[in-house]
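The structure under discussion appears below in the form of structure tokens.
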Protein chains: 2
Amino acid sequence: MKIKIYSISKKQNKCDDFVKQIKQFGVVVEDINIFNSSIQKAQKISQQSARESYDLEFSKYIKSSALNIALHPNGKEIDTYAFSELLKNRSEILFFIGGAFGFNDAFLSKTINISLSKLTFSHRIAKIIIFEQIFRALSIINNHPYHKE
Amino acid sequence: MKIKIYSISKKQNKCDDFVKQIKQFGVVVEDINIFNSSIQKAQKISQQSARESYDLEFSKYIKSSALNIALHPNGKEIDTYAFSELLKNRSEILFFIGGAFGFNDAFLSKTINISLSKLTFSHRIAKIIIFEQIFRALSIINNHPYHKE
């Protein structure tokens, strides 16, 4: 299984500890931060322009052969077991964490949309949460004791 | 305003960055990890004994003059604005993050119970989340741009 996490983020905040922990399940997670001058310009124009600029970048990575998941406040809230069911028997899973202004509807129509919580999180926190959930879900799938610790 | 976060945790994982950031709002947050031999023994006996041992320790810190909040999966899920309303105009707020086996009902009857998410988090992640929410809530209360960044 391959997992990629795409974020719109200027900062190169990485979750290297979780990348290593997840590797024990034979799963390679890549943590990809995207930011460029088009996004920077668009964010100064309007929220809608910003969302279109994220869509333009993110859409390059959407794969019809993969499970494409966007983390979005209006997405479905699921528990850890439902999350682990979602990951089961997949060969490739792509997660998208939106930029400061979220996603546009065009992008969200191409993805399964999940909400982590009713609370608003920074991108850094959202990424830490999704990394731990991936590790926890793989622990459930592989009968590793982490989820019960 | 004073905030204290009590966790049942052997590991001394601290959130020093957030402690510093929160200080700019004139709020002192203390991050207190509790663990002792009674808890260790009780955890080996049964889940119920474990929960009673947490209750015994945590109950020492419950204050009738403070807002006492337990983070619990069966608590009420609130959004960041409701969370910031909860914190407003308080002189002291105490958060309790349960041990590996959660809380007993006796303890939960003494606290306001909040759930961070339908997802299950480790204590480390729950603590990171609550620290960021405290910072975010104080940003909203103080019109600091963080929540909109």
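Some notes on this structure:
- All strands (runs of 3 or more DSSP E) inside segment B:1-98 with 2 or more residues being out of contact with any Ser or Thr (no Cβ under 8 Å at 6 or more places or on another chain): B:2-8, B:28-34, B:92-97
- Restricting segment B:110-127 to residues that are under 25 Å from residue A:99 (Cβ atoms) and modelled with pLDDT under 95, the residue that is nearest to the other protein chains (Cβ to nearest Cβ): B:125
- Pick from segment B:60-94, criterion within 14 Å of another protein chain (Cβ to nearest Cβ) and of a type in the set (Phe, Trp, Tyr), ranking: surrounded by the most Cβ atoms within 10 Å (Cβ to Cβ): B:83
- Lone unmet requirement of (1) within 18 Å of residue A:21 (Cα to Cα); (2) surrounded by fewer than 17 Cβ atoms within 10 Å (Cβ to Cβ); (3) within 17 Å of the chain's Cα centre (by Cα) for residue A:124: (1)
The values are calculated or read from the model by the stated rules, or taken from the named source; none is laboratory data. Remember, it's a predicted structure, so these values are computed and weren't measured experimentally. Reconstructed Cβ throughout: ideal geometry from the backbone, glycine too, with neighbour counts over all protein chains shown.
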